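Before any comments, here is the structure.
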Amino acid sequence: MRGATAGPRDAAADMIDGMKVLVIGATGTVGSAVVGALETSHDVVKASRSGPVKVDLEDPASLDALFDEVRDLDAVVCCAASGPLVDLESAADEEIAGGMRGKLLGQVALARRAVRHLRDGGSVTLTGGTFSAPLAGGSLGALINSGLEGFVRNAAGELPRNLRINVISPGWIKETLEGMGLDSAGGTPVSEVARAYVEAVEGAMQGQTVRP
């Protein structure tokens, strides 16, 4: 994206080739697929709770340490976030607050830090989710996902230096359903979901919610 060499390629190709991309949650089902799809063309830094580059969305200090360690980034992709299913009637207030801490507040904290460290024209891609119908125990997840979509939509108008932000909101992943021993017919193949992340990184979309 910021290469100094020029060749027989057009300017648009130069802008998207060879970016330095940080992928958080790089060891999960979606994260691994996103890394595989990106690293054919880009320099991918893989971060997770247990990897050599460590980060925890629920720990702001680990986010600060991450950006101190990994510099000169063109894009940040978060595939790490997950939200729990909770019983709306019986869940304690702290259970609701705790569920929001990682996927919603953690990704917001990540995006705020990324904005300060990305190169001009860089991008942030977050992860939400989509329920095709009301889901038992899914009210907290719906709250988190709607919050992420609203945050991205508004933050897109506030970002400086031509930075972009988007959220990928897949439904059930085919491979996840298969791993749970469930009918995977209604799931989206993880390779298709990964392509949506690549398009968000390499494309020009801004403030969008993408549902693969």
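The values are calculated or read from the model by the stated rules, or taken from the named source; none is laboratory data. This one's a predicted model, so the numbers in the text were calculated from it and none came from an experiment. Accessible surface areas use protein heavy atoms only, side chains included; no ligands, DNA or RNA. Shrake-Rupley method; radii C 1.70, N 1.55, O 1.52, S 1.80 Å.
Roughly to the nearest percent, how much of the accessible area of the stretch 12-141 is carbon and sulfur, given a 1.4 Å probe?
52
Sorted by accessible area (1.4 Å probe), largest first, how do 113, 211 line up?
Working: 113 30, 211 130 Å².
I get 211, 113, largest accessible area first.
Given a 1.4 Å probe and the protein chains all in place, what does the accessible area of residue 205 round to, in Å² to the nearest 10?
50
Compare 169, 191 by solvent-accessible area with a 1.4 Å probe and give them largest first, with all protein chains kept in place.
Ranked from most to least accessible, the order is 191, 169.
Given the options 148, 105, 126, which has the most mean-square fluctuation in a GNM of the chain, springs set between C-alpha atoms less than 10 angstrom apart?
105
Amide H neighbours of residue 205 under 5 Å, counting only residues 5+ apart in sequence or on other chains, H built in-plane at 1.01 Å?
none
For the stretch 60-131, evaluate the Debye formula with one uniform point scatterer on each Cα (no solvent term) and list log10 I(q)/I(0) at q = 0.16, 0.29 Å⁻¹, rounded to two decimals.
Rounded to two decimals, the profile gives -0.63, -1.36.
Where the eigenvalues come from the Cα gyration tensor of the stretch 117-173, what are the semi-axes √(5λ) of the equivalent ellipsoid, largest first, in whole Å? Numbers along the way, then the final one.
Working: eigenvalues 150, 24, 10 Å².
Result for the stretch 117-173: semi-axes of 27, 11, 7 Å.
Using just the helices of the chain, give the 222 nm mean residue ellipticity in deg cm²/dmol: DSSP H runs with n ≥ 4 each add -39,500 (n - 2.57), and the total is spread over all residues, rounded to 500.
So the helix-based figure for the chain works out to -11500 deg cm²/dmol.
Can you tell me which lysines have their Cα less than 26 Å from the Cα of residue 54? Leave out same-chain residues fewer than eight positions away.
Straight-line reach from residue 54, under 26 Å: 20, 46, 103.
Where does the stretch 55-212 land on Rg(C-alpha)/(2.2 N^0.38 Å)?
1.06
Kindly report the accessible area of the stretch 40-130 per residue (heavy atoms of protein chains, probe 1.4 Å, no ligands, DNA or RNA), in Å².
Value returned for the stretch 40-130: 48 Å² of accessible area per residue.
Any chance you could tell me what percent of the C-alpha pair distances in the stretch 120-212 go past 16 Å?
Details: 2491 of 4278 pairs.
Summing the P(r) tail past 16 Å for the stretch 120-212 gives 58 percent.
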